[in-house]
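Please read the structure below before turning to the comments.
Just so you know, all these numbers are worked out from the coordinates, no wet-lab data involved. These numbers come from a predicted model, not from an experiment. No Cβ is skipped: glycine too gets one built from the backbone with ideal geometry, and neighbour counts run over all protein chains shown.
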Amino acid sequence: MDQQEMKVMTGKRAVEALVKSGMKLGLGTGSTAIHVVRHIGSLLKEGLLQDILAVPTSFQPLIACEEWGIPLYTLNSKEIGGTLDLTIDGADEVDGDNYCVKGGGGALLLEKIVAYASGAYAIVVDETKIVRNLGLRFPVPLEVVPEARITATGALERLGAAVLLREAVRKAGPVITEHGNILLDIRFTNPVDPAALEQDLNRIPGVVENGFFTRLRPKVFIGRSDGTLEIRD
Ligand code: 5RP
């Protein structure tokens, strides 16, 4: 299987294992999580699922829900009341504790709010995302208030991180998130403590949220190139 086929297979299998009619669902962002949305859409169309209430984590799954006719809500909707049964999302890296780095798609802020409001959490990845140590290969994104670009960069460099402002593609200047902020991508050269950093990074003034996800132990669905699926609890 190539990487694209692994993503499709993993997304579909996670839906089949976890999603039940009537659920309030958080829907993640990215090229793997989108297959979760599409599969839910097609099961709804076939009548094999009913009464799904979906809370998307960015415009990408929101638009996919609109296209597939999946009923859309926000965490603040009366019907949702700030809690979800399950969220399924992708990740950029997953370590042996099922801690994750997320935000490669720039949606980490709402992804974290939605994940931490969910009774159950699942991650869908292909095998290339599994690492021994987070933050060494794939950068950890931070959503930062634009006015704090220089001060936050300095604070992060003092913590030993290399910092890169995420530049837009097909637009001059930085990526501006769906919440009006910039993204600083940071990378470490030595192994770090992701659980401690998840808390510490948010203490830097102007940092709205960071891409370490360590407070939930998700069920991780890992698609492999030989066509098999590993489920890690
Ligand atoms: C978006 C995310 C994505 O889930 C993460 O970047 C993985 O995306 P993909 O499945 O396309 O590799 O965190 O903010």
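Seen against the Cα atoms of the chain and their longest principal axis, helix 33-45 is set at about 20 degrees. Restricting to DSSP loop positions (anything but H, G, I, E, B) with no more than 13 other Cβ atoms inside 10 Å of their own Cβ, which trypsin sites (Lys or Arg not before Pro) remain in the range 143-195? When the trypsin sites (Lys or Arg not before Pro) of the range 143-195 are filtered for loop state and at most 13 Cβ neighbours within 10 Å, ARG170, LYS171 remain.
Computed from backbone phi with θ = phi - 60° and the Karplus coefficients 6.51, -1.76 and 1.60, the 3J(HN,Hα) list for the range 108-122 is 4, 5, 6, 4, 6, 4, 5, 4, 6, 9, 10, x, 9, 9, 10 Hz; x is used for glycine and proline. State which entries of LYS20/LYS78; LYS45/LYS78; LYS45/LYS171 exceed 32 angstrom in Cα-Cα distance in the structure shown. Violating the 32 Å limit, Cα to Cα: LYS45/LYS171. Adding -39500 (n - 2.57) for every DSSP H run of four residues or longer, then dividing by how many residues the chain holds, sets the calculated 222 nm ellipticity at -8500 deg cm²/dmol. Taking amide H positions as modeled 1.01 Å from N, with prolines and chain starts lacking one, the residues under 5 Å from LEU84 and 5 or more places away or on another chain are SER118, GLY119. Scoring 119-126, 105-112 by mean Cβ neighbours within 10 Å over their residues and listing the highest first yields 105-112, 119-126. Couplings 3J(HN,Hα) for the range 124-131, derived from phi with the Karplus relation 6.51 cos²θ - 1.76 cosθ + 1.60 (θ = phi - 60°), are 10, 9, 9, 4, 5, 8, 7, 10 Hz, where x marks Gly and Pro.
Listed values for the range 179-191 are Karplus-derived 3J(HN,Hα) couplings in whole Hz (6.51 cos²θ - 1.76 cosθ + 1.60, θ = phi - 60°), namely 10, x, 10, 9, 10, 10, 9, 10, 9, 10, 9, 10, x, and x replaces Gly and Pro. Taking every pair of Cα atoms in the range 67-198, average 1/r, invert it to obtain the Kirkwood radius, and report Rg/Rh to two decimals. With Rh from the inverse mean 1/r over Cα pairs, Rg/Rh is 0.99.
Counting neighbouring Cβ atoms within 10 Å and putting the fewest first, the residues THR32, THR214 line up as THR214, THR32. Over the chain, the fraction of Cα-Cα pairs per 5 Å bin, rounded to whole percents and listed from the shortest bin up, is 1, 7, 15, 18, 19, 16, 12, 7, 3, 1, 0.
Take the Kirkwood radius over Cα pairs of the range 48-145, plug it into Stokes-Einstein at 20 °C and 1.002 mPa s, and you get 146 µm²/s for translational diffusion.
Note on the range 113-176 and the range 60-112: Cα centroid distance 16 Å, given to the nearest whole angstrom.
Take every pair of alpha-carbon atoms less than 8 Å apart whose residues are at least six positions apart; their mean separation over the length of the chain yields a relative contact order of 22 percent.
Note on LYS129: lysines with a C-alpha under 16 Å away, same-chain residues under 8 apart excluded, are LYS7, LYS102, LYS219.
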